[in-house]
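As structure tokens, the structure follows; a few thoughts come after it.
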Amino acid sequence: MLIKLLNNKAFSLSELMIAALIFTFTFAGIILVFIRCIELSEMARHSSTATNACKNRIASIEDTAFDQILGTYNNTTFTATDINGIGKTYVTSLSTDVLQVTLVFCWKEKNGRVMGEDTNINGVLNAGEDANANGVLDSPVEMTTYVYDTT
């Protein structure tokens, strides 16, 4: 009977507490990674939505007569559904028959992070928003195209 008690192999309370502590930290790390992946997935979805909004805006510009593009679209804003953001259109006349059209879309994520320089999402470059001092809004979703007068 005495030999049986000495051969009893089990975990002590301190070993169990250390194992539980390691498991807790590991599980918390996995949960944080999972949450970050959800945020990145949402950011990618919003980026895709913003890109599609810019493409739709370019399509509407292409359907406009060349002589009306500058007056109709320069420094105008546009929005997209399912995203808390705003787009801005810049039209620059490079010559009598060439226009440069730049579209920028800024948005705000649910966690408060703003994608682009328009921190208050109003489509206007306010004081303190121009991080690179180029005089226009910048964003990860930014497209530039050229429109030629073919008439």
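How large is the dipole of region 13-148 about the Cα centre if only Lys and Arg carry +1 and Asp and Glu carry -1, each at its Cβ, rounded to the nearest 20 debye? Intermediate values should be presented prior to the final figure.
On the way: 8 positive and 15 negative charges, 65 e Å.
My answer is approximately 320 debye.
Number of Lys-Lys pairs in the chain with C-alpha atoms under 23 Å apart and a separation of 8 or more places or on different chains: 4. Sparsely packed loop sites in region 61-114 (the trypsin sites (Lys or Arg not before Pro) outside DSSP H, G, I, E and B with at most 14 other Cβ atoms within 10 Å) comprise LYS110, ARG113.
Let me make sure I get this right: for region 13-148, a, b and c are the square roots of the gyration tensor eigenvalues over alpha carbons, sorted descending. Under 1.5 in a/c it's rounded, otherwise prolate if a/b > b/c, else oblate. Which is it? Please list the in-between numbers first.
Numbers: a/c = 4.15, a/b = 3.02, b/c = 1.37.
Since a/c reaches 1.5 and a/b is larger than b/c, the shape of region 13-148 is classed as prolate.
Roughly what angle does helix 13-62 make with the longest principal axis of the chain, taking Cα atoms, 0 to 90 degrees, to the nearest 10? Computed tilt is about 10 degrees.
Other residues lying with their Cβ under 14 Å from the Cβ of ASN75 contribute a combined charge of +1, Lys and Arg counting +1, Asp and Glu -1. A protection proxy built from the mean count of other Cβ atoms within 10 Å ranks the segments 71-77, 33-39, 99-105, most packed first, as 99-105, 71-77, 33-39.
Below 12 angstrom from the Cβ of THR96, what's the summed charge of the other residues (Lys, Arg +1; Asp, Glu -1)? Mind showing how you got there, number by number?
Values: positive: none; negative: ASP67, ASP97, ASP149.
Net of charged neighbours comes to -3.
Between ALA20, THR77, PHE34, the Cα set farthest toward the positive side of the dipole of the chain (charges on each charged residue's Cβ, about the Cα centre) is that of ALA20.
Loop-only check: which GluC sites (Glu not before Pro) in region 66-129 are DSSP coil with at most 15 other Cβ within 10 angstrom? Intermediate results must be reported in sequence, preceding the final value.
Details: sites: GLU109, GLU117, GLU129; in loops: GLU109, GLU117, GLU129.
Loop-located and lightly packed - GLU109.
Values quoted throughout were computed directly from the atomic coordinates according to the rules given, and no laboratory measurement underlies them. Predicted, not measured: the structure shown is a model, and the values here were computed from it. We place every Cβ from the backbone using ideal geometry, glycine too, and count neighbours over all the protein chains shown.
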